[in-house]
Amino acid sequence: MLFLSKQMDILSREVDMTLRDPLYRLLDPELLQRLMQRTGTGQRITIRELAQRAECASSTVGNLLRGAQSCVTPRTAEAMCRVIGVDVLILFAPTGRSVPVPAGEYSPSTARAAV
């Protein structure tokens, strides 16, 4: 068991991989507001009610509506959309990487910085 642990430690130092959780970016705060006025059931839902039923902070919903926050976790995006009654891709777009990126691998952000 100790051998395996040492091998994993060596591998992680050699490859230096990081894992970023993917996020979901809200496409249009105004659309979220309109959908809250008339959910899939035809009922209006408040910020507090949406947050409670989606099991997230009401400040998260408020920040999304004001544009102070643009991204949430996949769990939050899916829960909010389930409560409202729309498909997640109507309100959110996946962003970021969900797989480890080896150190030194080409990335568009480093290519732009070099130009």
(request) Using a Förster distance of 22 angstrom, determine the FRET efficiency expected from the C-beta separation of Arg44 and Thr73, and round it to 0.05. (result) 0.30
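Which GluC sites (Glu not before Pro) from region 33-96 combine a DSSP loop assignment with at most 12 other Cβ atoms within 10 Å?
Details: sites: Glu49, Glu55, Glu78; in loops: Glu55.
Here the GluC sites (Glu not before Pro) that fit, given the DSSP loop and packing criteria, are Glu55.
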(message) Using each residue's phi in region 78-85, evaluate 6.51 cos²θ - 1.76 cosθ + 1.60 at θ = phi - 60° and report the 3J(HN,Hα) Karplus result to the nearest Hz, with x for Gly and Pro.
(response) 5, 5, 4, 5, 4, 5, 6, x
(request) Could you work out how far the C-alpha centroid of region 53-94 sits from that of region 27-49, in angstrom? (result) 11
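Any read-out appearing in this document is the output of simple, stated calculations on the displayed coordinates, not a laboratory observation. Values in this document were obtained by computation on a predicted structure and should not be read as measured data. Here the Cβ is made from the backbone with ideal geometry for all residues, glycine too, and neighbour counts use every protein chain on show.
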